[in-house]
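Working notes, beginning with the structure itself.
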(Lines give C-alpha, C1' and ligand atoms only; values in the text may rest on other atoms or scores of the structure.)
Protein backbone atom coordinates (compact mmCIF):
# COMPACT_ATOMS: atom_id res chain seq x y z
CA UNK A 1 0.00 0.00 0.00
CA UNK A 2 1.43 3.34 -0.99
CA UNK A 3 2.06 5.97 1.65
CA UNK A 4 3.35 9.55 1.52
CA UNK A 5 5.71 9.70 4.50
CA UNK A 6 8.90 8.92 2.61
CA UNK A 7 10.24 9.01 -0.90
CA UNK A 8 9.41 6.00 -3.11
CA UNK A 9 12.22 3.45 -3.27
CA UNK A 10 12.98 4.23 -6.92
CA UNK A 11 13.55 7.89 -5.96
CA UNK A 12 16.02 6.89 -3.24
CA UNK A 13 17.76 4.64 -5.76
CA UNK A 14 17.93 7.53 -8.22
CA UNK A 15 19.25 9.71 -5.41
CA UNK A 16 22.12 7.28 -4.69
CA UNK A 17 22.98 7.10 -8.41
CA UNK A 18 22.89 10.90 -8.49
CA UNK A 19 25.25 11.03 -5.52
CA UNK A 20 27.75 8.83 -7.40
CA UNK A 21 27.36 10.99 -10.49
CA UNK A 22 27.96 14.17 -8.50
CA UNK A 23 31.09 12.65 -6.94
CA UNK A 24 32.38 11.91 -10.43
CA UNK A 25 31.58 15.43 -11.58
CA UNK A 26 33.42 16.90 -8.60
CA UNK A 27 36.53 14.96 -9.64
CA UNK A 28 36.12 16.23 -13.21
CA UNK A 29 35.79 19.75 -11.85
CA UNK A 30 39.11 19.66 -10.06
CA UNK A 31 40.82 18.06 -13.04
CA UNK A 32 39.33 20.07 -15.88
CA UNK A 33 37.86 23.16 -14.15
CA UNK A 34 34.61 22.66 -16.01
CA UNK A 35 32.65 24.53 -13.36
CA UNK A 36 34.63 27.68 -14.16
CA UNK A 37 32.98 27.75 -17.56
CA UNK A 38 29.36 28.51 -16.67
CA UNK A 39 29.52 32.26 -16.22
CA UNK A 40 27.24 32.82 -19.25
CA UNK A 41 24.62 30.18 -18.42
CA UNK A 42 21.95 32.72 -17.41
CA UNK A 43 20.62 35.28 -19.91
CA UNK A 44 18.21 38.02 -18.85
CA UNK A 45 15.93 40.13 -21.01
CA UNK A 46 12.45 41.63 -21.04
CA UNK A 47 10.41 44.82 -21.10
CA UNK A 48 8.15 46.31 -18.41
CA UNK A 49 9.12 43.68 -15.90
CA UNK A 50 6.21 44.13 -13.46
CA UNK A 51 3.56 44.74 -16.12
CA UNK A 52 0.25 42.92 -15.67
CA UNK A 53 0.08 42.56 -19.45
CA UNK A 54 0.95 38.89 -20.15
CA UNK A 55 2.93 39.95 -23.23
CA UNK A 56 5.40 41.87 -21.08
CA UNK A 57 7.68 41.07 -18.15
CA UNK A 58 11.18 39.96 -17.34
CA UNK A 59 12.41 36.68 -18.80
CA UNK A 60 15.25 34.36 -17.86
CA UNK A 61 16.96 31.99 -20.29
CA UNK A 62 18.62 29.21 -18.28
CA UNK A 63 21.13 26.72 -19.74
CA UNK A 64 21.85 24.95 -16.44
CA UNK A 65 19.39 22.08 -16.58
CA UNK A 66 18.88 19.12 -18.91
CA UNK A 67 17.30 21.42 -21.51
CA UNK A 68 17.25 25.13 -22.23
CA UNK A 69 14.47 26.73 -20.18
CA UNK A 70 12.76 30.10 -20.58
CA UNK A 71 10.53 31.50 -17.85
CA UNK A 72 9.07 34.79 -16.68
CA UNK A 73 10.59 36.48 -13.66
CA UNK A 74 9.65 39.82 -12.13
CA UNK A 75 12.53 42.26 -11.68
CA UNK A 76 12.66 46.02 -11.41
CA UNK A 77 15.08 46.35 -14.32
CA UNK A 78 14.13 46.59 -18.01
CA UNK A 79 16.55 45.95 -20.87
CA UNK A 80 15.20 47.68 -23.98
CA UNK A 81 18.14 50.03 -24.57
CA UNK A 82 20.67 47.31 -25.26
CA UNK A 83 23.22 48.18 -22.59
CA UNK A 84 23.09 44.90 -20.71
CA UNK A 85 25.61 42.68 -18.94
CA UNK A 86 25.24 39.74 -16.56
CA UNK A 87 27.49 37.21 -14.85
CA UNK A 88 26.98 33.84 -13.20
CA UNK A 89 29.16 31.83 -10.82
CA UNK A 90 31.49 28.95 -11.72
CA UNK A 91 28.55 26.61 -11.17
CA UNK A 92 26.12 28.62 -13.30
CA UNK A 93 24.15 30.47 -10.61
CA UNK A 94 23.28 34.06 -11.44
CA UNK A 95 25.37 36.55 -9.44
CA UNK A 96 24.44 40.04 -10.67
CA UNK A 97 23.46 42.06 -13.72
CA UNK A 98 22.98 45.60 -15.02
CA UNK A 99 21.14 47.64 -17.63
CA UNK A 100 23.63 50.50 -17.30
CA UNK A 101 21.63 52.38 -14.68
CA UNK A 102 22.14 50.19 -11.60
CA UNK A 103 23.36 46.77 -10.48
CA UNK A 104 21.12 44.03 -9.06
CA UNK A 105 21.95 40.66 -7.49
CA UNK A 106 20.53 37.20 -8.13
CA UNK A 107 17.55 37.99 -5.87
CA UNK A 108 16.66 40.91 -8.15
CA UNK A 109 17.53 43.39 -5.42
CA UNK A 110 19.83 46.35 -5.91
CA UNK A 111 23.37 45.68 -4.74
CA UNK A 112 24.60 47.80 -1.86
CA UNK A 113 26.03 50.96 -3.48
CA UNK A 114 24.74 49.64 -6.81
CA UNK A 115 22.78 52.73 -7.79
CA UNK A 116 23.82 55.52 -10.18
CA UNK A 117 26.05 53.60 -12.57
CA UNK A 118 27.05 55.97 -15.40
CA UNK A 119 25.85 58.97 -13.41
CA UNK A 120 25.58 62.21 -15.39
CA UNK A 121 23.10 64.15 -17.51
CA UNK A 122 22.16 61.16 -19.68
CA UNK A 123 21.64 59.08 -16.54
CA UNK A 124 19.35 61.81 -15.16
CA UNK A 125 17.27 61.74 -18.35
CA UNK A 126 17.00 57.98 -18.81
CA UNK A 127 17.56 56.21 -15.49
CA UNK A 128 15.57 58.06 -12.85
CA UNK A 129 12.14 56.98 -14.10
CA UNK A 130 10.83 53.74 -12.60
CA UNK A 131 9.92 52.62 -16.13
CA UNK A 132 13.42 53.25 -17.48
CA UNK A 133 14.47 50.95 -20.32
CA UNK A 134 18.12 51.28 -19.33
CA UNK A 135 21.10 53.49 -20.09
CA UNK A 136 21.21 54.36 -23.84
CA UNK A 137 24.89 53.89 -24.66
CA UNK A 138 24.37 51.16 -27.27
CA UNK A 139 24.65 47.41 -27.62
CA UNK A 140 27.90 46.02 -26.16
CA UNK A 141 28.57 49.09 -24.01
CA UNK A 142 28.95 47.02 -20.83
CA UNK A 143 30.80 43.81 -20.04
CA UNK A 144 31.58 41.98 -16.78
CA UNK A 145 34.92 40.23 -16.30
CA UNK A 146 36.22 38.22 -13.31
CA UNK A 147 39.38 39.55 -11.67
CA UNK A 148 40.94 36.07 -11.82
CA UNK A 149 39.73 32.51 -11.28
CA UNK A 150 38.17 33.65 -8.02
CA UNK A 151 34.40 33.73 -7.77
CA UNK A 152 34.03 36.92 -5.77
CA UNK A 153 35.62 40.02 -7.37
CA UNK A 154 34.22 41.20 -10.69
CA UNK A 155 34.83 44.30 -12.79
CA UNK A 156 32.05 45.94 -14.78
CA UNK A 157 33.49 47.97 -17.65
CA UNK A 158 31.00 50.45 -19.05
CA UNK A 159 30.87 53.41 -21.41
CA UNK A 160 29.39 56.71 -20.32
CA UNK A 161 27.90 59.04 -22.92
CA UNK A 162 27.65 62.83 -22.69
CA UNK A 163 25.85 65.57 -24.60
CA UNK A 164 28.19 67.86 -26.51
CA UNK A 165 27.16 71.15 -28.11
CA UNK A 166 28.45 72.79 -31.31
CA UNK A 167 27.33 70.68 -33.03
CA UNK A 168 24.81 68.99 -30.77
CA UNK A 169 25.57 65.30 -30.46
CA UNK A 170 25.79 62.47 -27.97
CA UNK A 171 29.31 61.09 -27.63
CA UNK A 172 30.84 58.21 -25.73
CA UNK A 173 33.81 59.85 -24.01
CA UNK A 174 34.49 57.82 -20.88
CA UNK A 175 35.39 54.19 -20.30
CA UNK A 176 34.56 53.50 -16.65
CA UNK A 177 34.95 50.62 -14.24
CA UNK A 178 32.86 49.54 -11.27
CA UNK A 179 33.94 46.71 -8.96
CA UNK A 180 31.63 44.19 -7.26
CA UNK A 181 32.58 41.97 -4.32
CA UNK A 182 30.11 39.09 -4.26
CA UNK A 183 31.48 37.77 -0.96
CA UNK A 184 30.17 40.86 0.85
CA UNK A 185 26.85 40.95 2.72
CA UNK A 186 26.74 37.16 3.16
CA UNK A 187 26.85 36.57 -0.57
CA UNK A 188 24.38 39.29 -1.50
CA UNK A 189 27.20 41.39 -2.99
CA UNK A 190 28.36 44.99 -2.74
CA UNK A 191 29.75 47.57 -5.15
CA UNK A 192 33.09 48.52 -3.60
CA UNK A 193 34.10 50.99 -6.32
CA UNK A 194 32.12 52.59 -9.14
CA UNK A 195 32.34 55.01 -12.04
CA UNK A 196 36.12 55.10 -11.96
CA UNK A 197 37.55 56.56 -15.15
CA UNK A 198 39.72 54.05 -17.02
CA UNK A 199 40.34 56.19 -20.10
CA UNK A 200 38.83 59.19 -21.85
CA UNK A 201 38.55 59.59 -25.61
CA UNK A 202 35.87 59.60 -28.30
CA UNK A 203 34.84 55.95 -28.40
CA UNK A 204 32.40 54.27 -30.75
CA UNK A 205 28.80 53.83 -29.68
CA UNK A 206 28.72 50.32 -28.17
CA UNK A 207 31.00 47.75 -29.87
CA UNK A 208 33.03 46.70 -26.79
CA UNK A 209 34.15 43.11 -26.29
CA UNK A 210 36.89 41.08 -24.60
CA UNK A 211 38.97 37.94 -25.07
CA UNK A 212 41.31 35.87 -22.89
CA UNK A 213 45.02 36.64 -22.95
CA UNK A 214 47.26 33.87 -24.32
CA UNK A 215 48.04 32.85 -20.72
CA UNK A 216 44.39 31.93 -20.16
CA UNK A 217 44.10 34.13 -17.06
CA UNK A 218 44.22 37.79 -18.04
CA UNK A 219 41.98 39.63 -20.51
CA UNK A 220 42.18 41.93 -23.51
CA UNK A 221 39.38 44.52 -23.72
CA UNK A 222 38.92 46.11 -27.16
CA UNK A 223 36.76 49.05 -28.23
CA UNK A 224 36.93 51.13 -31.43
CA UNK A 225 37.23 54.89 -31.71
CA UNK A 226 34.47 57.09 -33.05
CA UNK A 227 34.31 57.78 -36.79
CA UNK A 228 37.94 56.84 -37.36
CA UNK A 229 40.09 53.76 -37.72
CA UNK A 230 41.34 53.68 -34.14
CA UNK A 231 41.15 50.64 -31.88
CA UNK A 232 41.87 50.89 -28.16
CA UNK A 233 43.28 47.69 -26.66
CA UNK A 234 43.34 47.44 -22.85
CA UNK A 235 44.95 44.73 -20.74
CA UNK A 236 43.09 43.63 -17.62
CA UNK A 237 45.00 41.63 -15.00
CA UNK A 238 45.45 41.40 -11.22
CA UNK A 239 47.02 44.86 -11.25
CA UNK A 240 43.93 46.45 -12.83
CA UNK A 241 43.30 47.70 -16.35
CA UNK A 242 45.55 49.85 -18.54
CA UNK A 243 45.75 50.95 -22.17
CA UNK A 244 48.26 48.80 -24.06
CA UNK A 245 47.71 49.88 -27.66
CA UNK A 246 46.02 52.71 -29.51
CA UNK A 247 46.06 51.32 -33.04
CA UNK A 248 45.16 52.93 -36.36
CA UNK A 249 44.37 50.22 -38.87
CA UNK A 250 41.82 49.57 -41.60
CA UNK A 251 39.12 51.85 -42.98
CA UNK A 252 37.68 54.72 -40.92
CA UNK A 253 34.05 54.69 -39.87
CA UNK A 254 31.93 57.27 -41.75
CA UNK A 255 29.51 59.51 -39.79
CA UNK A 256 26.54 57.28 -40.62
CA UNK A 257 28.31 54.14 -39.51
CA UNK A 258 28.24 54.36 -35.71
CA UNK A 259 26.26 51.77 -33.79
CA UNK A 260 23.69 49.41 -35.23
CA UNK A 261 26.08 46.48 -35.51
CA UNK A 262 28.15 44.02 -33.53
CA UNK A 263 31.75 43.05 -32.76
CA UNK A 264 33.08 39.68 -31.67
CA UNK A 265 36.14 37.48 -31.38
CA UNK A 266 36.31 34.06 -32.99
CA UNK A 267 36.01 31.15 -30.50
CA UNK A 268 39.81 30.72 -30.43
CA UNK A 269 40.42 34.48 -30.17
CA UNK A 270 42.50 34.61 -33.35
CA UNK A 271 40.15 36.93 -35.26
CA UNK A 272 38.46 40.20 -34.32
CA UNK A 273 35.45 41.02 -36.53
CA UNK A 274 33.34 44.18 -36.65
CA UNK A 275 30.21 44.73 -38.68
CA UNK A 276 27.44 47.17 -39.39
CA UNK A 277 25.64 47.64 -42.71
CA UNK A 278 27.34 50.97 -43.42
CA UNK A 279 30.85 49.51 -43.18
CA UNK A 280 30.41 45.94 -44.34
CA UNK A 281 32.64 43.49 -42.46
CA UNK A 282 35.98 44.60 -41.02
CA UNK A 283 38.09 41.61 -40.02
CA UNK A 284 41.50 41.46 -38.37
CA UNK A 285 43.88 38.84 -37.08
CA UNK A 286 44.37 39.18 -33.31
CA UNK A 287 47.47 38.17 -31.36
CA UNK A 288 46.41 37.01 -27.89
CA UNK A 289 49.97 37.34 -26.64
CA UNK A 290 50.67 40.94 -27.69
CA UNK A 291 47.13 42.32 -28.12
CA UNK A 292 47.93 43.55 -31.66
CA UNK A 293 45.55 43.66 -34.63
CA UNK A 294 46.88 42.89 -38.13
CA UNK A 295 46.00 41.60 -41.61
CA UNK A 296 42.98 43.87 -42.12
CA UNK A 297 40.29 42.69 -44.57
CA UNK A 298 37.16 44.52 -45.72
CA UNK A 299 34.52 42.00 -46.78
CA UNK A 300 31.46 43.06 -48.75
CA UNK A 301 27.99 41.69 -48.05
CA UNK A 302 25.18 41.36 -50.59
CA UNK A 303 22.21 43.18 -49.05
CA UNK A 304 20.01 42.68 -52.07
CA UNK A 305 17.48 45.51 -52.20
CA UNK A 306 17.76 46.13 -48.48
CA UNK A 307 19.26 49.21 -46.80
CA UNK A 308 19.26 47.94 -43.22
CA UNK A 309 20.33 50.10 -40.31
CA UNK A 310 21.51 47.27 -38.09
CA UNK A 311 22.84 43.76 -38.36
CA UNK A 312 24.63 41.07 -36.42
CA UNK A 313 27.51 38.59 -36.40
CA UNK A 314 27.95 35.03 -35.22
CA UNK A 315 30.74 32.48 -35.65
CA UNK A 316 30.34 28.72 -35.55
CA UNK A 317 31.93 26.88 -32.58
CA UNK A 318 34.49 25.40 -34.99
CA UNK A 319 35.54 28.91 -36.02
CA UNK A 320 35.01 28.08 -39.69
CA UNK A 321 31.69 29.72 -40.54
CA UNK A 322 30.79 33.36 -40.13
CA UNK A 323 27.08 34.21 -40.05
CA UNK A 324 25.98 37.73 -41.01
CA UNK A 325 22.41 38.95 -40.45
CA UNK A 326 21.06 41.93 -42.41
CA UNK A 327 17.41 42.40 -41.51
CA UNK A 328 15.77 40.06 -44.05
CA UNK A 329 18.72 37.87 -44.95
CA UNK A 330 21.11 35.56 -43.10
CA UNK A 331 24.37 34.69 -44.84
CA UNK A 332 27.10 32.16 -44.13
CA UNK A 333 30.77 32.72 -45.09
CA UNK A 334 33.68 30.31 -44.87
CA UNK A 335 36.52 31.90 -42.88
CA UNK A 336 38.81 29.03 -43.87
CA UNK A 337 38.37 29.82 -47.56
CA UNK A 338 40.99 31.71 -49.58
CA UNK A 339 38.09 33.88 -50.83
CA UNK A 340 35.92 34.60 -47.80
CA UNK A 341 33.74 37.13 -49.62
CA UNK A 342 33.21 34.74 -52.54
CA UNK A 343 32.02 31.98 -50.18
CA UNK A 344 28.91 33.96 -49.17
CA UNK A 345 25.85 31.68 -49.11
CA UNK A 346 22.26 32.63 -48.30
CA UNK A 347 20.99 30.35 -45.50
CA UNK A 348 17.89 32.26 -44.41
CA UNK A 349 15.26 34.60 -45.90
CA UNK A 350 12.83 36.34 -43.55
CA UNK A 351 9.48 34.52 -43.76
CA UNK A 352 7.26 37.46 -42.74
CA UNK A 353 6.52 36.28 -39.18
CA UNK A 354 5.64 39.02 -36.67
CA UNK A 355 5.03 38.81 -32.90
CA UNK A 356 3.91 41.59 -32.75
CA UNK A 357 6.53 43.43 -34.86
CA UNK A 358 8.47 41.93 -37.75
CA UNK A 359 10.70 39.10 -36.49
CA UNK A 360 13.52 39.94 -38.89
CA UNK A 361 17.21 39.24 -38.23
CA UNK A 362 19.41 41.32 -35.92
CA UNK A 363 22.30 40.63 -33.56
CA UNK A 364 23.19 37.22 -32.22
CA UNK A 365 24.82 35.25 -29.43
CA UNK A 366 26.35 31.78 -29.11
CA UNK A 367 24.77 29.68 -26.39
CA UNK A 368 26.66 27.37 -24.02
CA UNK A 369 24.99 24.57 -26.01
CA UNK A 370 26.93 25.69 -29.13
CA UNK A 371 23.75 26.72 -30.93
CA UNK A 372 23.63 30.23 -32.37
CA UNK A 373 20.74 32.48 -31.33
CA UNK A 374 19.65 35.28 -33.68
CA UNK A 375 17.50 38.01 -32.12
CA UNK A 376 14.96 39.94 -34.19
CA UNK A 377 15.85 43.52 -34.99
CA UNK A 378 12.53 44.63 -33.47
CA UNK A 379 10.93 44.19 -30.06
CA UNK A 380 9.53 40.69 -30.20
CA UNK A 381 8.67 37.47 -28.36
CA UNK A 382 10.69 35.05 -30.45
CA UNK A 383 14.32 34.11 -31.14
CA UNK A 384 15.71 32.37 -34.24
CA UNK A 385 18.14 29.46 -33.86
CA UNK A 386 20.96 28.00 -35.98
CA UNK A 387 20.90 24.43 -34.69
CA UNK A 388 23.95 23.02 -36.51
CA UNK A 389 26.25 26.00 -37.09
CA UNK A 390 29.32 23.86 -37.91
CA UNK A 391 27.61 22.54 -41.07
CA UNK A 392 27.95 23.99 -44.57
CA UNK A 393 25.14 25.98 -46.18
CA UNK A 394 21.54 24.99 -45.52
CA UNK A 395 22.76 22.04 -43.47
CA UNK A 396 23.35 24.56 -40.68
CA UNK A 397 19.61 24.06 -39.95
CA UNK A 398 18.49 27.66 -39.42
CA UNK A 399 15.02 27.74 -37.81
CA UNK A 400 13.09 30.99 -37.74
CA UNK A 401 11.12 31.94 -34.58
CA UNK A 402 12.27 28.67 -33.03
CA UNK A 403 11.98 29.91 -29.45
CA UNK A 404 9.02 31.65 -27.86
CA UNK A 405 10.35 33.91 -25.09
CA UNK A 406 6.87 34.36 -23.52
CA UNK A 407 7.28 38.16 -23.31
CA UNK A 408 8.75 41.00 -25.35
CA UNK A 409 12.53 41.01 -24.98
CA UNK A 410 13.53 44.32 -26.53
CA UNK A 411 15.91 42.64 -29.00
CA UNK A 412 18.68 42.73 -26.42
CA UNK A 413 20.55 40.09 -24.44
CA UNK A 414 23.74 40.25 -22.34
CA UNK A 415 27.22 40.90 -23.72
CA UNK A 416 29.51 37.92 -22.96
CA UNK A 417 33.10 37.01 -23.84
CA UNK A 418 34.10 33.36 -24.37
CA UNK A 419 34.69 32.24 -20.79
CA UNK A 420 35.67 28.75 -21.96
CA UNK A 421 38.77 29.88 -23.87
CA UNK A 422 41.94 28.73 -22.12
CA UNK A 423 45.63 29.37 -22.64
CA UNK A 424 47.14 29.41 -26.12
CA UNK A 425 47.69 25.85 -27.32
CA UNK A 426 44.92 24.33 -25.18
CA UNK A 427 41.96 22.72 -26.98
CA UNK A 428 39.26 25.25 -27.92
CA UNK A 429 35.80 24.08 -26.89
CA UNK A 430 33.29 26.92 -26.48
CA UNK A 431 30.73 24.45 -25.11
CA UNK A 432 33.00 22.50 -22.73
CA UNK A 433 31.06 21.08 -19.80
CA UNK A 434 27.63 21.34 -21.42
CA UNK A 435 25.69 18.13 -20.85
CA UNK A 436 22.93 18.33 -23.46
CA UNK A 437 23.53 16.83 -26.91
CA UNK A 438 23.94 19.94 -29.04
CA UNK A 439 22.24 18.28 -32.01
CA UNK A 440 18.95 18.28 -30.13
CA UNK A 441 16.68 21.30 -30.35
CA UNK A 442 16.29 23.33 -27.14
CA UNK A 443 13.19 22.54 -25.14
CA UNK A 444 10.70 25.29 -24.41
CA UNK A 445 6.97 25.86 -23.85
CA UNK A 446 5.13 22.60 -24.63
CA UNK A 447 8.45 20.80 -24.91
CA UNK A 448 9.61 21.85 -21.45
CA UNK A 449 9.52 19.39 -18.59
CA UNK A 450 6.09 19.14 -17.00
CA UNK A 451 7.29 21.60 -14.35
CA UNK A 452 10.34 23.84 -14.11
CA UNK A 453 11.97 24.11 -10.67
CA UNK A 454 14.29 27.10 -10.23
CA UNK A 455 16.61 28.64 -9.23
CA UNK A 456 18.89 25.62 -8.99
CA UNK A 457 21.14 25.75 -6.96
CA UNK A 458 18.84 27.60 -4.57
CA UNK A 459 19.21 29.25 -1.20
CA UNK A 460 16.06 30.85 0.19
CA UNK A 461 13.31 29.47 -2.05
CA UNK A 462 12.48 27.55 -5.22
CA UNK A 463 9.68 28.26 -7.66
CA UNK A 464 7.64 25.42 -9.12
CA UNK A 465 6.32 26.49 -12.53
CA UNK A 466 3.99 24.13 -14.48
CA UNK A 467 4.61 24.28 -18.22
CA UNK A 468 1.50 22.26 -19.17
CA UNK A 469 -1.90 21.75 -17.54
CA UNK A 470 -1.83 19.48 -14.49
CA UNK A 471 -4.57 17.44 -12.92
CA UNK A 472 -6.36 19.29 -10.14
CA UNK A 473 -4.62 18.97 -6.78
CA UNK A 474 -1.21 17.93 -8.16
CA UNK A 475 1.31 17.88 -5.28
CA UNK A 476 5.00 18.82 -5.47
CA UNK A 477 7.16 17.34 -2.68
CA UNK A 478 10.82 17.74 -1.72
CA UNK A 479 12.79 14.91 -0.06
CA UNK A 480 16.12 14.93 1.76
CA UNK A 481 18.90 12.34 1.49
CA UNK A 482 17.15 10.06 4.00
CA UNK A 483 13.99 9.98 1.92
CA UNK A 484 12.09 12.25 4.33
CA UNK A 485 9.61 14.70 2.84
CA UNK A 486 10.70 18.16 4.00
CA UNK A 487 8.55 20.46 1.84
CA UNK A 488 5.29 20.17 -0.06
CA UNK A 489 3.10 22.46 -2.15
CA UNK A 490 0.05 22.32 -4.39
CA UNK A 491 1.20 23.01 -7.95
CA UNK A 492 -0.41 25.96 -9.73
CA UNK A 493 -1.71 26.37 -13.26
CA UNK A 494 0.29 26.84 -16.45
CA UNK A 495 2.83 29.69 -16.01
CA UNK A 496 1.57 30.21 -12.44
CA UNK A 497 4.60 29.57 -10.26
CA UNK A 498 4.37 28.47 -6.63
CA UNK A 499 7.17 29.71 -4.36
CA UNK A 500 8.38 27.20 -1.76
CA UNK A 501 10.51 28.48 1.13
CA UNK A 502 13.78 26.70 1.90
CA UNK A 503 14.32 28.57 5.15
CA UNK A 504 16.20 26.52 7.75
CA UNK A 505 17.11 23.69 5.38
CA UNK A 506 20.70 22.38 5.48
CA UNK A 507 22.85 22.61 2.37
CA UNK A 508 22.86 19.51 0.23
CA UNK A 509 21.24 17.59 -2.60
CA UNK A 510 17.47 17.07 -2.48
CA UNK A 511 15.04 15.16 -4.71
CA UNK A 512 11.66 16.49 -5.75
CA UNK A 513 8.65 14.56 -7.01
CA UNK A 514 5.42 15.67 -8.66
CA UNK A 515 2.35 13.48 -8.15
CA UNK A 516 -1.13 13.81 -9.62
CA UNK A 517 -4.11 14.51 -7.38
CA UNK A 518 -5.03 10.82 -7.48
CA UNK A 519 -1.49 9.83 -6.44
CA UNK A 520 0.11 8.87 -9.75
CA UNK A 521 3.77 9.76 -10.35
CA UNK A 522 4.23 12.62 -12.90
CA UNK A 523 7.89 13.52 -12.65
CA UNK A 524 10.96 14.03 -10.47
CA UNK A 525 14.26 15.87 -10.37
CA UNK A 526 17.04 17.23 -8.16
CA UNK A 527 17.63 20.54 -6.36
CA UNK A 528 20.87 21.66 -4.73
CA UNK A 529 20.40 23.83 -1.64
CA UNK A 530 23.37 25.96 -0.68
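The values are calculated or read from the model by the stated rules, or taken from the named source; none is laboratory data. These numbers were taken from a predicted model, which means no experiment stands behind them. Neighbour counts run over all protein chains shown; Cβ positions are idealised from the backbone, glycine included.
For the range 327-350, a residue qualifies if it is part of a loop (DSSP other than H, G, I, E, B) and either touching a residue at least 60 places away in the same chain (Cβ under 8 Å) or more than 24 Å from residue 375 (Cα to Cα) (or both), and the qualifying residues are 335, 336, 337, 338, 339, 340. Say whether the condition of being over 19 Å from residue 118 (Cβ atoms), assigned by TED's automatic domain parsing to the domain that holds residue 243 and not in a loop (DSSP other than H, G, I, E, B) is met by at least one residue in the range 205-214. Yes, the conditions are met somewhere in the range 205-214. For residue 307, the requirement of being at pLDDT 90 or above, in a loop (DSSP other than H, G, I, E, B) and surrounded by fewer than 23 Cβ atoms within 10 Å (Cβ to Cβ) is not met. When restricted to residues that are farther than 23 Å from residue 263 by Cβ, modelled with pLDDT of 90 or more and in contact with a helix residue (DSSP H, G or I) (Cβ under 6 Å, 6 or more places away or on another chain), the range 355-412 contains 1.
Just one residue in the set 217, 150 is out of contact with any helix residue (DSSP H, G or I) (no Cβ under 8 Å at 6 or more places or on another chain), within 21 Å of residue 40 (Cα to Cα), part of a loop (DSSP other than H, G, I, E, B) and at pLDDT 90 or above; that residue is 217. Close contacts from the range 469-493, counting a first residue that is part of a strand (DSSP E or B) and a second that is at pLDDT below 75 and surrounded by 18 or more Cβ atoms within 10 Å (Cβ to Cβ), with Cβ to Cβ under 6 Å and a gap of 6+ residues or different chains, come to 479/7.
Rundown of residues vs (1) surrounded by 18 or more Cβ atoms within 10 Å (Cβ to Cβ); (2) modelled with pLDDT of 85 or more, yes/no style:
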residue: 454; (1), (2): yes, no
residue: 479; (1), (2): yes, yes
residue: 486; (1), (2): no, yes
residue: 505; (1), (2): no, yes
residue: 511; (1), (2): yes, yes
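Looking only at residues that are out of contact with any strand residue (DSSP E or B) (no Cβ under 6 Å at 6 or more places or on another chain) and not in a loop (DSSP other than H, G, I, E, B) in the range 351-393, which one is surrounded by the fewest Cβ atoms within 10 Å (Cβ to Cβ)? Among those that are out of contact with any strand residue (DSSP E or B) (no Cβ under 6 Å at 6 or more places or on another chain) and not in a loop (DSSP other than H, G, I, E, B), it is 356.
Here's the yes/no breakdown for (1) assigned to a loop (DSSP other than H, G, I, E, B); (2) modelled with pLDDT under 95; (3) surrounded by fewer than 21 Cβ atoms within 10 Å (Cβ to Cβ); (4) touching a helix residue (DSSP H, G or I) at 6+ places or on another chain (Cβ under 8 Å):
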| site | (1), (2), (3), (4) |
| --- | --- |
| 241 | no, no, yes, no |
| 247 | no, no, yes, no |
| 252 | yes, yes, yes, no |
| 256 | no, yes, yes, no |
| 260 | yes, yes, no, no |
| 264 | no, no, no, no |
| 285 | no, no, yes, no |
| 289 | yes, no, yes, no |
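Only residues that are out of contact with any strand residue (DSSP E or B) (no Cβ under 7 Å at 6 or more places or on another chain), within 19 Å of residue 175 (Cα to Cα) and in contact (Cβ under 8 Å) with a residue 24 or more places away in the chain were counted across the range 92-122, and they come to 3. Among what's in the range 23-73 and is within 14 Å of residue 405 (Cα to Cα), in contact with a strand residue (DSSP E or B) (Cβ under 6 Å, 6 or more places away or on another chain) and assigned to a loop (DSSP other than H, G, I, E, B), pick the residue that is modelled with the lowest pLDDT. Here the answer is 49.
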